[in-house]
Amino acid sequence: MTGSDDINGDSDNAGAGVGDDGDGRARRRDKFSGGALLTSAAATMLWCVLFTAFVSQPRAVAGVQLYTNTFAVRLHSGARDGTGHIDEAVAHRVAKRAGSGFENIGKIRGTKDEFQFVHHGLPKIRGRRSLPSVLLLKKDPSVKSVHQQPGFKRVKRGYKPYIPSLYLNRDEFIASQYRQYPVKPIEIDEDLDRYGKLPMDPLFKEQWYLRNTGQNGGKPKLDLNVRAAWAQGVSGKNVTTAIMDDGVDYTHEDLKYNYNARASYDFSSNDPYPYPRYTDDWFNSHGTRCAGEVAAARDNGVCGTGVAYDSKIAGIRMLDQPYMTDLIEANSMGHEPDLIDIYSASWGPTDDGRTVDGPRNATMRAIVRGVNEGRRGKGNIYVWASGDGGEADDCNCDGYAASMWTISINSAINDGQNAHYDESCSSTLASTFSNGAKDPNTGVATTDLYGKCTKSHSGTSAAAPEAAGVFALALEANPDLTWRDIQHLTVLTSKRNSLFDAKRRFQWTMNGVGLEFNHLFGFGVLDAGGMVSLARQWHTVPARYHCQGGSHTNIRKFTTKSGIILKLNTDACRDTDTHVKYLEHVQAVITLNASRRGDVELFLTSPMGTRSMILSRRPNDDDRRDGFTKWPFMTTHTWGEYPWGEWILEAKFNTPNRFSQQGGTQTNNGQASRADSTLAANSDLTANADRDSGGEEGEDDDYDTVHTGFLKEWTLMLHGTREPPYSQLSVRDPHSKLAIVKKAHTIAGPDTSASPQKQSAY
């Protein structure tokens, strides 16, 4: 692997964090679950796929690659301390020898021999590399490799900018943000006997996602059920959530007593004070608002109440610079992994419906190191907002939200429907809440800049911190939960409740073991009370294994007229040390190119009949050059299923004119509905399933445009356990998801591959 993002300077080491033994075999131990050591060639290939598949090349910004004045410098000689780390004084001397302008900022988090250098004599961003600076550093005998860091865009999810047409003037906008909310008495209601006293904070009655009584047109009791968790005596004590964002106002009266200074840092300015930079348009209020959702104090007469109001928050300021770098992200996600339990991220690649991007090498290694080694081996929990690109985007094109190492959270509004900005994808695990329905200005009530409060926090930005708060409650109830335990608890306790797709594109359906899921909402809305209750009796899930289930490497052509179906039979690595019997995550690692990438749709069907849309149409994506290169499309929809048998991958074009001429239902913009276009595509795929889809590209009376695609490679990656994951858990509710899955596992048995076909969700 090549590319300036490889901070190791060695393609064979791009998956660092895996470990390597003396004879070069990849070595991997799931410390978080007491897993077995993997030394097979399949495991080696797996980790190469996971860590380097989609981070090997820097991405261009607006068609031009930009470079920062930051350098990743790897040293190979010099004094080392007792842990094998290179002494930082060596790096200081290297920077000094390089001449004026260079400064060693410090060691890259989680590494032994890699340092971040800044050249103050260079522009912070420029359109080309500074080769003289690189060569100057490389001449030093202590330096093994040098890589100038590319700059790329990362955006906050949910920030609503100042729009002049909505306000008489900017002063009115500022005044609206400064609004104070007086303390008002809260009426006694019938729930008091069951859950105890209500919080007395002035905005609590506006926090419908904590207690939905039907305010602002909402559906009563459609909320996070946090009061049921609080009634069990948990409030997030001894748990720290890091808000990776544009800073946190840790002097805010509602936050300062829950602020963890030791776990905080400013990677935008390289100092320990992650205070937001104030601007007139309130742009840097994002992190402070997210922090209040998690840990705003209770009963202090200020703003509202946090989901985990006795938990701690750490501020990691890392979004407030013109361009992001791999090192800023990696340092942020690897900062104090034994002090921080949960990392909450409400940002990601641009949600424009045409971007395909994800974490680079150093960042990926930091995340993997966090889930393996963080929290003293139990693993850090990374919570990610799924994205605000709406139906024109797909969060499986976001390598952060679609990672199996993160928990991707979508949002619903207060009457149960999806928000208009919600993206859909098969990697979303669950949902929380954001803007209200009947009143679009009814957002999430939380803390704001200048010691103020707001009721207008919005987007999936607001959803991720709510989930982080729920996970903090679960961790207080059971501090021994691993990062995988949290994911299993999320699947088993999230509820369908009243969530629905307002446009009826995606329906609720059951997978092969009876778990309900929705392409928008994952396994449902988080239930804090249910999660805390199950967490108290939880037993750590068995060791996790990773199996390469097989691959197709023959190039297959598909066109607007004719899609393709590829079938792959797998024994799920039976009789090997990577055998998977009970699924968690499934990845289809795909390389393809198309004359219009945005019209490509991909579906993956499991042996138990669960059909996942792993890529939906993105009308704004007109790429015809880059396509997807070893991109890991992930689905959680097959959770708990058996993996052996026939997997089916479908690739097709969803071109609007094609389906409108075939009678598809029209939307306002002339595009066929996703459900109808899928039905039309299925008939085409069935007709062409047993013949090659080759042929000359040409015009046809039934098509305005004939697009062509080439699927070059498909590798099936199966991740899960060899042992039944819930065998040690007792069933207390015969109607619970736990009971349903345990019964399915008992009836089918671990050696049974046949099962009835399940209805598709699409």
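Computed from the coordinates by the stated procedures, all read-outs in this text should not be read as laboratory data. Everything numeric in this text was worked out from a predicted model, so none of it was measured. Using ideal geometry, Cβ is built from the backbone for each residue, glycine included, and neighbour counts are taken over all protein chains shown.
Quick look at the values:
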item	result
Projected-area mean, region 430-534, by convex hull of Cα positions, square nanometres	8.4 nm²
Beta bridges by DSSP in region 156-536, antiparallel share as percent, to the nearest 5	25 percent
J(HN,Hα) series, region 615-627, from Karplus relation 6.51 cos²θ - 1.76 cosθ + 1.60, nearest Hz, glycine and proline x	8, 9, 5, 10, x, 8, 8, 9, 4, 10, 10, 7, x
Taking LYS652, LYS205, LYS737 and counting other C-beta atoms within 10 Å, the order from fewest to most	LYS205, LYS737, LYS652
Residues of type lysines that LYS743 reaches as a straight line, Cα spacing below 18 Å, ignoring anything fewer than 8 places off in the same chain	LYS581, LYS758
FRET efficiency, TYR278 to ARG574 (Cβ-Cβ, R0 51 Å, nearest 0.05)	0.30
Residues whose placed amide H lies under 5 Å from that of ILE614, excluding near-sequence neighbours	LEU602, PHE603, LEU604
Net charge of neighbours whose Cβ lies under 12 Å from the Cβ of GLY110, counting Lys and Arg as +1 and Asp and Glu as -1	0
Interatomic Cα distance distribution for region 599-638, bins of 5 angstrom, percent	6, 19, 26, 23, 14, 8, 4, 0
Exposure proxy ranking, count of Cβ atoms within 10 Å, fewest first, for LYS561, LYS256, LYS712	LYS256, LYS712, LYS561
Entries of LYS205/LYS452; LYS156/LYS378; LYS652/LYS712; LYS96/LYS144; LYS455/LYS495 with Cα pairs more than 20 Å apart	LYS156/LYS378; LYS455/LYS495
Net charge of Cβ neighbours under 11 Å - reference LEU711; Lys, Arg +1; Asp, Glu -1	+2
Counted charge near TRP405, where neighbours are those whose Cβ lies closer than 12 Å (Asp, Glu -1; Lys, Arg +1)	+3
Region 270-387: mean projected area of Cα convex hull, nm²	8.9 nm²
Which of HIS745, HIS552 has the fewest Cβ neighbours within 10 Å, and the rest in rising order	HIS552, HIS745
Phi to ³J(HN,Hα) by Karplus 6.51 cos²θ - 1.76 cosθ + 1.60 over region 98-110, Hz, x for Gly, Pro	6, x, 5, x, 7, 9, 7, 6, x, 6, 5, 3, x
Rounded to whole Hz, the Karplus (6.51, -1.76, 1.60) HN-Hα couplings of region 315-328, x for glycine and proline	x, 10, 7, 8, 9, 9, 8, x, 9, 7, 10, 4, 5, 4
Cα centre as origin, Lys/Arg/Asp/Glu Cβ charges: region 309-447 dipole, Debye	620 debye
Stretch gain in nm, segment LEU131-LYS630, where the contour uses 0.36 nm per residue and the Cα spacing is subtracted	176.6 nm
Spatially proximal lysines relative to LYS503 (Cα-Cα < 18 Å; intrachain offsets below 8 disregarded)	LYS438
Cα-Cα pairs of region 156-536 separated by more than 31 Å (percent)	27 percent
For region 61-151, with +1 on Lys and Arg beta carbons and -1 on Asp and Glu, the positive-most of PRO132, THR111, THR70 along the dipole	PRO132
